[in-house]
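Below is one structure, written out as structure tokens; comments come after it.
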């Protein structure tokens, strides 16, 4: 497959401080060697999830990554709201929830119990949302949400 044949917009949502900019920088860096076929379209909504509906990027997105900071419960609450808004309006879009800063184990405020409980709620509602625990800083499991989404978009062979 030619790298110029398919381009996907990947929407990156999350509260301030969740790691959106660092995530995009790492994903598009030469070090990761991420393919040119996926364009990252970050949306900063100033922590108001309903503002994403007015952003033009939502209409061209092929998938969504929602980031939150594992050391800040408010960012998890906002991430849940982002996921709910996206799935309510665009149920066909694949959404991946990503807990960032897993390297900061001593200051984690969002537990796996909190995340699992929310994932169970979505599953009971028939809302498929995958979850990954990563550290953009250390690179721990960083590529997993990207590989997952690329496989859903038919591009897994393009990833490193």
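Which one of 67, 97, 149 is touching a strand residue (DSSP E or B) at 6+ places or on another chain (Cβ under 8 Å), at pLDDT below 90 and not in a loop (DSSP other than H, G, I, E, B)?
Result of the check over 67, 97, 149: 149.
In this structure, is residue 26 out of contact with any strand residue (DSSP E or B) (no Cβ under 9 Å at 6 or more places or on another chain), part of a helix (DSSP H, G or I), under 20 Å from residue 153 (Cβ atoms) and at pLDDT 70 or above? Reasoning before the result, please.
Details: out of contact with any strand residue (DSSP E or B) (no Cβ under 9 Å at 6 or more places or on another chain): yes; part of a helix (DSSP H, G or I): yes; under 20 Å from residue 153 (Cβ atoms): yes; at pLDDT 70 or above: yes.
Yes; evaluated as a whole, the condition is true for this residue.
Whether any residue in region 125-140 is in contact with a helix residue (DSSP H, G or I) (Cβ under 7 Å, 6 or more places away or on another chain) and surrounded by fewer than 15 Cβ atoms within 10 Å (Cβ to Cβ) is what I want to check.
No, that holds for no residue.
Only one residue in 93, 146 is more than 19 Å from residue 25 (Cα to Cα) and surrounded by 13 or more Cβ atoms within 10 Å (Cβ to Cβ). Which one? Full working, then the answer.
Details: 146 fails: more than 19 Å from residue 25 (Cα to Cα).
On inspection, the qualifying residue turns out to be 93.
Pairs under 7 Å by beta carbon, first residue free of Cβ contacts under 8 Å to residues at least 12 places away in the same chain and at positive phi in region 10-30, partner part of a helix (DSSP H, G or I) and surrounded by fewer than 22 Cβ atoms within 10 Å (Cβ to Cβ), six or more apart or different chains?
Between residues of region 10-30 that are free of Cβ contacts under 8 Å to residues at least 12 places away in the same chain and at positive phi and residues that are part of a helix (DSSP H, G or I) and surrounded by fewer than 22 Cβ atoms within 10 Å (Cβ to Cβ), there is no close pair.
Looking only at region 100-127, count every residue that is part of a loop (DSSP other than H, G, I, E, B), within 21 Å of residue 63 (Cα to Cα) and in contact (Cβ under 8 Å) with a residue 12 or more places away in the chain and tell me the total.
The initial filter retains those residues of region 100-127 that are part of a loop (DSSP other than H, G, I, E, B), namely 101-104, 108-111, 125-127.
The next check asks that each one be within 21 Å of residue 63 (Cα to Cα); those that pass are 125-127.
Cutting the leftovers down to in contact (Cβ under 8 Å) with a residue 12 or more places away in the chain gives us 127.
Selection size over region 100-127: 1.
Here is a list of conditions, (1) out of contact with any strand residue (DSSP E or B) (no Cβ under 7 Å at 6 or more places or on another chain); (2) at pLDDT below 90; (3) surrounded by 17 or more Cβ atoms within 10 Å (Cβ to Cβ), and residue 86 meets all of them except one; can you say which number that is?
Exception for residue 86: condition (1).
Would region 71-81 turn up any residue that is crowded, with 20+ Cβ neighbours inside 10 Å and assigned to a strand (DSSP E or B)?
No, because not a single residue in region 71-81 is crowded, with 20+ Cβ neighbours inside 10 Å and assigned to a strand (DSSP E or B).
Can you name the number of the only condition in (1) over 17 Å from the mean Cα position of the chain (by Cα); (2) surrounded by 14 or more Cβ atoms within 10 Å (Cβ to Cβ) that residue 62 fails?
Only one criterion in (1) over 17 Å from the mean Cα position of the chain (by Cα); (2) surrounded by 14 or more Cβ atoms within 10 Å (Cβ to Cβ) is unmet by residue 62, namely (1).
The values are calculated or read from the model by the stated rules, or taken from the named source; none is laboratory data. Just so it is clear, the structure is predicted and the values come from calculations on it, not from any experiment. Cβ coordinates were reconstructed from backbone atoms using ideal geometry, including for glycine residues, and neighbour counts include every protein chain displayed.
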